[in-house]
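Since every read-out is calculated from the coordinates, none of them should be taken as a lab result. Note that the structure is a prediction, hence the values are computed from the model and not measured. Using ideal geometry, Cβ is built from the backbone for each residue, glycine included, and neighbour counts are taken over all protein chains shown.
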Amino acid sequence: MAEYTPMIQQYLRIKAEYKDAFLFFRLGDFYEMFFEDAVNASRELEITLTSREGGSAERIPMCGVPHHSARNYIDQLVQRGYKVAICEQTEDPKSAKGVVRREVVQLITPGTVMEGKGIEEKENNFLASVSQFGRDTFGVAFNDLTTGENRVTILTGTKHDVINELYSNGVKEVVIPEALDEEVKRSIIESCSATISIEETTSIDHAFSTIVKHLNDEKLLITFGRLLNYLQKTQKRSLNHLQAVIHYNAHQYMRIDLYSKRNLELTETIRSKGKKGSLLWLLDQTITAMGGRLLKQWIDRPLIDHDDIQLRLNMVETLKNQYFERHDLRELLKDVYDLERLAGRVAFGNVNARDLMQLRKSLEQIPAIKKVIHELGNEYAGNLANKIDSLEDLTMLLHSSIKENPPLSIKDGDIIKDGFNETLDRYRDASRNGKTWIANLEKEEREKTGIKSLKIGYNKIFGYYIEVTRANLQYLPEGNYERKQTLSNAERFITPELKEKEALILEAEEKIIQLEYDIFVDIREQVKDYIPRLQLLSKIISEIDALQCFATISEERHYSRPTFSENEIFIKDGRHPVVEKVMNSQEYVPNDCFMKDGRHLLLITGPNMSGKSTYMRQVALIAILAQIGCFVPANEAVLPIFDQVFTRIGAADDLISGQSTFMVEMLEAKNAIVHATQKSLILFDEIGRGTSTYDGMALAQAIIEYIHDHLGSKTLFSTHYHELTDLENQLPQLTNVHVSAIEEQGKVVFLHKIKEGAADKSYGIHVAELAELPSSLINRARQILEQLEQGDQKKSEKEEPVENKIEQNQVEESQLSFFEATTNTNLKEEGLTKKEKQVVQMVKSLNLLEMTPLDAINKLYEVQKKLT
Ligand code: ADP
């Protein structure tokens, strides 16, 4: 190190403390990067890599960005998950002895960035911390620095729960102790794509005692303490906008694991990972950014308390019915700025006069909003209205101080209103009087000299001057006109009086600019005192906005208010909210869903693309909408309050990939099976499809039996294994339903309509026939199918001794394989041959009302074939 120049030595010393960040090293008007940082930054930012002498034998790689456009480059790096340490010169280079002193003034990281492209208006930017207590207990805390929100919880479950919680909040960065469980660490990076930061200190600075005073648990304090220490170390400034830490319990909300959240496309779609096409996209009729963020939080955390849900639904109903009031409310909300983020920027000292102007405009809407809410006549609305604090004192302050259209810069004056500050008014008077005096002087001089074209002008070098054209010079009388500048066709003069006034004006203007800046900074300081009240107000406004959003969407899309039952699902004419919107409401076929005692498990069969998975998702989305307090896309909906929703819904693209996808399928299935309760909703779409037929079918059946016998969760299970429909005879809670299709002018038309009973078994061949494949080919297919079925049967016959043994052990039914289980039922029908039993089963399961004559003939043909 000794061989490097003192400045490079300084650089290296600072860089050693910020090894995991790009060090933006201020050098005059540039932020420079050196060594590896320079090489990496030039690649990431596509800027030229150069080099410089640094005292060593080899030149040092270097690249830099101009100070004034650094924001954009910082944004790019932070958005890609990097950290940027901003190192400024902290003494005046002119007075520095030796190398100018430099210090890192802020570490900008993905979880602590306050502004820029990475910050979405309607999304929180969460930083999280994880602490581990023993093997399976974790503390998780969240902070959004832009809004000042803080939450903390303790999870005593599996590591999966930690990842779930982090993923749900879309964290960008997670602060952990070095010693955190390796598997959790890896999952944070892989599943949440979050940046990892290490922080070991957990003690809480006295300055923050008020925001944690209600946390009476050591684990909560340690977890939040880690987060807080990281924030202090990176921000190096006052964090007095941090709000009281909310201690929550994950079991307070409906739990939807991360797989299911993705599968149901609640806040982003599977394919594009964007908001468009998600439930959030469909619902988002919020007007304010705060309301938008709250809506997302509500979707991520549906309620499970009946009374809480009813409160929201009551408000939605009131707002839905009172169209004009809602319309007024929406208009008023349009002028409400992001108060919560503004409070954060006030705390950071980042607001300009325009921001304060917008704050004033926002606050001016509040009394009217309060009035509308009050007049809704609903009890909860009344309470909300009473809680609204219009901050009249702040409105007054801003109203009297800030001009209507202030400039962006706070350093050029023209910000503060007349009448707000006496000294300022005096300077302004002086300046205005001086200007009037000069304007009058032009008139006087013209009269005195008789030169009509005489004018008074101003430039930066000579200040004010009297200009007389060359042709008129002769009329200028003797006097104290002093020649200052000669132009090609005119001369410019000054007079002592003019200069005297000029000095007064300039002095006043200089003072005005300085004073306006000082007054502005003072106002900005005063606004800091209002931060907690602004944050409280923004909470209420965002709630009102989210509720009006539900009311608006419910009215627009003809949703109805759900009601709740203990154990029953009764959905009449339900629709998938997003598919319905995307495809055009007229074409969407509504479907019912009935589930109650005796039918907790629906086995859904039907051809591909007939609408099975849409139907299943629709049931889950209706349940989630109901529990976030929104009306639902159905003519009528009675639902239990679900504690959890699990899904395994294959995306088309993972059906073609291999082993690892099957592993994901099994992991998702496991997750449901381990955690689901009687109050849960399970959606399994084509489970077992990712492996060989028998293997898959066996697993599918075993899973169904397990859910049926051990969990009792409401379950929708779609399958293309037609054989599974026989389970209806075996499992009292299982009912077959299918998606129907008809033949129309020789073509199969999917009706997308869910009907009772199993789908036609030989559907594929039937469809092939309708498609007019050669009849010899169709007959051959039937033959092959039959042979395959007989093959199965022979196989089962051979295994009979094993099956008998298992029959005696019915208690262990969950461990039966598919073949064993089906044969069990068959054996109960005594006196018939195996083939005859099969025929009986088949005839029993026919749904004659839905069969075309062609179907019937086909079936008869099959029956006859089987028996001969
Ligand atoms: P499956 O799971 O049976 O393969 P999907 O649920 O993926 O079928 O549905 C396939 C397509 O059918 C959907 O993309 C949608 O366009 C259409 N569809 C599904 N359900 C309906 C419905 N109820 N009404 C109208 N179209 C539907």
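Need one number for the range 422-524: average projected area of the convex hull over its C-alpha atoms, nm². Intermediate results must be reported in sequence, preceding the final value.
On the way: hull surface 29.6 nm².
Its Cα hull, projected and averaged over all orientations, spans 7.4 nm².
Using Cα centres only, tell me the gap between the range 1-47 and the range 433-488 in whole Å.
Measuring centre to centre over Cα atoms gives 57 Å.
For K19 and Q89, FRET efficiency with R0 = 25 Å and r from the beta-carbon atoms, rounded to 0.05?
Values: r = 22 Å, r/R0 = 0.88.
My answer for the efficiency is 0.70.
By per-residue mean of other Cβ atoms within 10 Å, what is the highest-first order of 61-72, 120-131?
120-131, 61-72
Whose amide H sits under 5 Å from the amide H of R648, counting only residues 5 or more places off or on another chain, with H placed in the peptide plane?
Long-range HN contacts for R648: L683, F684, D685.
If R₀ is 51 angstrom, what is the calculated FRET efficiency for the pair A57 and E121, using the beta carbon separation as r and rounding to 0.05? Walk me through the numbers before you get to the answer.
On the way: r = 52 Å, r/R0 = 1.02.
Between A57 and E121 the formula returns 0.45.
Please turn the phi angles of the range 722-735 into ³J(HN,Hα) values with the Karplus equation 6.51 cos²θ - 1.76 cosθ + 1.60 (θ = phi - 60°), one per residue in order, whole Hz, x for glycine and proline.
Result, ordered by residue: 4, 4, 5, 5, 4, 4, 4, 6, 9, 10, x, 8, 9, 10 Hz.
Going by average Cβ density within 10 Å per residue, which order do the peptides 374-386, 536-548 take, highest to lowest?
Values: 374-386: 15.5, 536-548: 24.5.
Averaged packing, sorted descending, gives the order 536-548, 374-386.
What's the angle, to the nearest 10 degrees (0 to 90), between helix 659-675's Cα axis and the longest principal axis of the chain?
Long axis of 659-675 versus the principal axis of the chain: about 90 degrees.
Compute the label zone of N459 within the range 482-504: residues whose backbone N is under 16 Å from the point 7 Å along Cα-to-Cβ.
Answer for the range 482-504: 483-494.
Where the convex hull is taken over the Cα atoms of the chain, what is its projected area averaged over directions, in nm²?
Numbers: hull surface 218.1 nm².
The number I arrive at for the chain is 54.5 nm².
According to the square roots a ≥ b ≥ c of the eigenvalues of the Cα gyration tensor, what is the shape class of the range 301-374, taking rounded for a/c under 1.5, prolate for a/b larger than b/c otherwise, and oblate for the remainder?
Values: a/c = 3.74, a/b = 1.62, b/c = 2.31.
Taking the square roots of the gyration eigenvalues as a ≥ b ≥ c, the range 301-374 is oblate.
Using a basic spin-label model with each label point 7 Å from the Cα along Cα→Cβ, how many nm lie between A490 and K865?
10.6
When K528, K276 are ordered from fewest to most other Cβ atoms inside 10 Å of their Cβ, what list results? Could you put the intermediate results ahead of the total?
Numbers: K528 14, K276 10.
Taking fewest neighbouring Cβ atoms as first place, the list is K276, K528.
For the residues W281, W298, what sequence is obtained by ranking on other C-beta atoms within 10 Å, fewest first?
Numbers: W281 16, W298 23.
Final ranking by Cβ density, sparse to dense: W281, W298.
Just to be sure I understand: of the beta bridges DSSP finds with both ends in the chain, what percent are antiparallel, rounded to 5? Walk me through the numbers on the way to the answer.
Working: 65 of 102 bridges.
Restricted to the chain, the bridges split so that about 65 percent are antiparallel.
Given H placed 1.01 Å from N in the peptide plane, which residues other than close sequence neighbours of K596 have an amide H under 5 Å from its amide H?
Amide H neighbours of K596, under 5 Å, 5+ apart: I569.
Using Cα atoms only, what is the angle between the long axis of helix 289-300 and the major principal axis of the chain, expressed in degrees (0 to 90) to the nearest 10?
20
Can you compute 3J(HN,Hα) from phi for each residue in the range 402-407, using the Karplus curve 6.51 cos²θ - 1.76 cosθ + 1.60 with θ = phi - 60°, rounded to whole Hz and x for Gly and Pro?
9, 5, 5, 10, x, x
Can you list residues from other chains, or at least 5 along the same chain, whose modelled amide H is less than 5 Å from the amide H of Q106?
Distant-sequence amide H within range of Q106: I86.
Where in the range 3-17 does the label zone of T201 land, with the point 7 angstrom along Cα→C-beta and an amide N cut-off under 20 Å?
14-17, by backbone N distance to the label point.
Which of the trypsin sites (Lys or Arg not before Pro) across the range 323-416 are loop residues per DSSP, with 16 or fewer other Cβ within 10 Å? Show your work: numbers first, answer last.
Values: sites: R326, R330, K334, R341, R345, R354, R360, K361, K370, K371, K387, K403, K411; in loops: K334, K403, K411.
The qualifying sites are K334, K403, K411.
If the chain between D425 and I857 were fully stretched, how many nm would it gain, using 0.36 nm times the residue separation less the Cα-Cα distance?
Numbers: separation 432, 0.36 × 432 = 155.52 nm, distance 9.98 nm.
Between D425 and I857, full extension yields an extra 145.5 nm.
Starting from the Cα gyration tensor of the range 563-770, take the square roots of the eigenvalues, sort them a ≥ b ≥ c, and report rounded, prolate or oblate (rounded when a/c is under 1.5, otherwise prolate if a/b is larger than b/c, else oblate). Each step should come with its number before you reach the end.
Details: a/c = 1.45, a/b = 1.06, b/c = 1.37.
Since a/c stays below 1.5, the shape of the range 563-770 is classed as rounded.
Treat the count of other C-beta atoms within 10 Å as a stand-in for reagent exposure and order D695, D685 from fewest to most.
Details: D695 13, D685 22.
Lowest to highest Cβ neighbour count: D695, D685.
Given the pairs K117/K275; K276/K679; K213/K528; K213/K261; K320/K387, which are separated by over 24 angstrom at their Cα positions?
Violating the 24 Å Cα-Cα cut-off are K276/K679; K213/K261.
Using only the Cα atoms, work out Rg/Rh for the range 6-108, with Rh taken as the Kirkwood radius, to two decimals.
On the way: Rg = 13.1 Å, Rh = 13.8 Å.
Value, to two decimals: 0.94.
Provide the FRET efficiency to the nearest 0.05 for the N386-R354 pair, computing r from the beta carbons and using R0 = 35 Å. Intermediate values should be presented prior to the final figure.
Values: r = 32 Å, r/R0 = 0.92.
After rounding to 0.05, the efficiency reads 0.60.
Do any chymotrypsin sites (Phe, Trp or Tyr not before Pro) in the range 453-521 lie in a DSSP loop with no more than 15 other beta carbon atoms within 10 Å, and if so, which? Walk me through the intermediate numbers first.
On the way: sites: Y458, F462, Y464, Y465, Y475, Y481, F493, Y517, F520; in loops: F462, Y481.
Taking the range 453-521 and a limit of 15 other Cβ atoms within 10 Å, the loop chymotrypsin sites (Phe, Trp or Tyr not before Pro) found are F462.
By how many degrees, between 0 and 90 and to the nearest 10, does the Cα long axis of helix 612-628 differ from the longest principal axis of the chain?
50
When the Karplus curve 6.51 cos²θ - 1.76 cosθ + 1.60 is applied with θ = phi - 60°, which whole-Hz ³J(HN,Hα) does each residue of the range 127-136 get, with x for Gly and Pro?
9, 10, 10, 10, 10, 10, 10, x, 6, 10
Which Cα, out of Q285, I270, Q310, lies furthest along the positive dipole direction of the range 262-321 (beta carbon charges, K/R +1, D/E -1)?
Comparing the listed Cα positions along the dipole, I270 ranks first.
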